[in-house]
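See below for the structure under consideration.
The values are calculated or read from the model by the stated rules, or taken from the named source; none is laboratory data. Computed from a predicted model, the values in this text were never measured in an experiment. Virtual Cβ from ideal backbone geometry, glycine too; neighbours counted across all protein chains shown.
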Amino acid sequence: MLRISFIAKALTFALLIGLSFRTSAYQKDILFSSEIPLDLEIVTNFKLIKGSKSDTVFFPTFIKFKNEEGKQDSVPVNLRGRGNSRRAQCFFTPLWLKIPKGASKNTPFEGNRSLKLVLPCQEGESFNHLIVKEYMAYKLYEQVSPYFFQTRLINLTLTDRQNKKGKTYALTAFVLEDVDNVAGYHEAKTKDSGLILPQLINDTLALKQDFFAFMIGNTDWSNTTQHNVKMLIKEDEKYIPVAYDFDYSGFVNAPYAIPYDYLPIKKVTERFYRGICRNETLTQLVKSDFLQRESQILATLEKYISLLPSAEFESSRNYLMDFFSILKSETSFQAQIANACQKYGLIEN
C-alpha cells in the first residue's frame, strides 16, 4: 500500500505541474486564445491541390479576415494538400498552410507560420457536424494530457475557382497548430519519423493516451511508427506522445471510416484497446485518474452542445458514458482493457 500511495502522490503532483505549465505556456498565442469561431475566406483551386502529390509544391493565395477594427484584412499564404486517406476519399482535402515570414505580424496568425486546416470531407451539414465532433475530440484530449495540439474552430467561406466563375462553399473547419510550436511551449524537440520502442516512451503519458484512444474508439494510430502521433523529446527524458487526427474514431463515426482488416472489429464504433501492457499499479492509477476526470470531461463536451443537433450530441455523450461504464465495471475493465493490452515485456512486478 505504501508503494501505491507514493506513486499515486507522485503522479498527482506531476499532473498538476504539467497542467499548470500548460496553462501559462499556452496563454501567449493570439490565434488560440479564444474559442469563438474565426471567420475566414480562402480562394483556391482544389483540382490543382488534389492533383499535386508533391510535398514541396505549394499554391499561393490569401486568407481574408476582419481585423480588430472590423475592417477586411488579409495575409498571404501557401497551400498544399495533406492526408492520404482523406485526399483519396474526400472532395475537400485537408490543407497545410504556410505563411511567409513576417506576413502574420499584427494579425490573428502571429506566431504561427505553419498550420493545418482540417476541412469537412464533403459539402453539407452532416459533414460539418463531423468536423465539430473531431474538434471536440481534440478538446477532450486537452483534459487528459498536458501535451496537445491547440485548435480553433473556423467558419470558412471557401471559393473553389476551377473556372472563371468558381463555386463558393460555407464550411465548418478548424486549424491545428504546428508540432514545432507545441515543442517550443514545452522546451522540447520533435522526433523525426522512425520506429520508437515502447520502453523509450513516457509510460504514464503513453498509458493515458491509450485510455483516451479507447475512450473515443480510435484504432487508427501507433506510437511505435508515429502514425497520427507526434513525439516530443526533452533532454534526459523519455519520448512524449502527442496524438492527432481523430476522424477515424467511433466518437466521430465518419461514413468513410472503416477499421483495418486485421483488427477484430467490423466498425469504428466498436471499441478495441491497442495499448501496450503496463504494470498493474500504473494501470489502476491511470484508470482512477480518468474516473476522477469524468465530470470534467463531460463538462467539456457540454460546452459544445449548441454546435450539434440534440440527437447527435446525445449520441456522442452516450458514447463517452459507455467508456466510463467500462471503467466502473471491474469485469468489463479486465476483459476490454487490462487483459486486452498488447504484450511487449514491459510489465514490472
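If you go through segment 177-197 one residue at a time, do you hit one that is under 22 Å from residue 304 (Cα atoms) and buried (at least 20 other Cβ atoms within 10 Å of the Cβ)?
Yes, segment 177-197 contains a residue that is under 22 Å from residue 304 (Cα atoms) and buried (at least 20 other Cβ atoms within 10 Å of the Cβ).
Restricting the first residue to segment 66-78 and requiring it to be among the acidic types (Asp, Glu), which pairs with a second residue that is assigned to a strand (DSSP E or B) and modelled with pLDDT of 90 or more meet a Cβ separation below 8 Å and a spacing of at least six or different chains?
Pairs that qualify, where the first residue is among the acidic types (Asp, Glu) and the partner is assigned to a strand (DSSP E or B) and modelled with pLDDT of 90 or more, are 73/64; 73/65.
So, restricting to helices (runs of 4 or more DSSP H) that lie completely within segment 251-349, which ones have at least 2 residues that are modelled with pLDDT of 95 or more and of a type in the set (Val, Ile, Thr)?
The helices (runs of 4 or more DSSP H) meeting that bar are 280-292, 294-302.
For the condition touching a residue at least 12 places away in the same chain (Cβ under 8 Å), in contact with a Phe, Trp or Tyr (Cβ under 8 Å, 6 or more places away or on another chain) and among the aliphatic types (A, V, I, L, M), what is the one hit in 207, 200?
200
Does residue 295 count as among the hydroxyl-bearing types (Ser, Thr, Tyr), surrounded by fewer than 17 Cβ atoms within 10 Å (Cβ to Cβ), closer than 19 Å to residue 182 by Cα and over 15 Å from the mean Cα position of the chain (by Cα)?
Here the answer is no, as residue 295 does not meet what is asked.
Determine, yes or no, whether residue 308 is over 17 Å from residue 208 (Cα atoms) and in contact with a His (Cβ under 9 Å, 6 or more places away or on another chain).
Yes: the conditions hold for residue 308.
What about residue 236, is it in a loop (DSSP other than H, G, I, E, B), surrounded by fewer than 19 Cβ atoms within 10 Å (Cβ to Cβ) and more than 14 Å from the chain's Cα centre (by Cα)?
yes
Out of segment 110-134, which residues are crowded, with 20+ Cβ neighbours inside 10 Å, of a type outside the set (A, V, I, L, M), in contact (Cβ under 8 Å) with a residue 60 or more places away in the chain and in contact with a strand residue (DSSP E or B) (Cβ under 6 Å, 6 or more places away or on another chain)?
Residue satisfying the conditions is 116 alone.
Would you please name the residue that is farthest from residue 206 (Cα to Cα), looking only at residues in segment 140-157 that are in contact with a helix residue (DSSP H, G or I) (Cβ under 7 Å, 6 or more places away or on another chain) and outside any loop (DSSP other than H, G, I, E, B)?
153
Would you be able to tell me the number of residues in segment 99-139 that are part of a strand (DSSP E or B) and either hydroxyl-bearing (Ser, Thr, Tyr) or farther than 30 Å from residue 316 by Cβ (or both)?
1
Taking the residues in segment 83-95 that are in contact (Cβ under 8 Å) with a residue 24 or more places away in the chain and outside any loop (DSSP other than H, G, I, E, B) as candidates, determine which candidate is surrounded by the most Cβ atoms within 10 Å (Cβ to Cβ).
95
Out of all the residues in segment 35-57, which are surrounded by fewer than 15 Cβ atoms within 10 Å (Cβ to Cβ), among the basic types (Lys, Arg) and in contact (Cβ under 8 Å) with a residue 12 or more places away in the chain?
47
With 264, 309, 255 as the choices, which residue is touching a Cys at 6+ places or on another chain (Cβ under 9 Å) and surrounded by fewer than 16 Cβ atoms within 10 Å (Cβ to Cβ)?
From the options 264, 309, 255, the qualifying one is 255.
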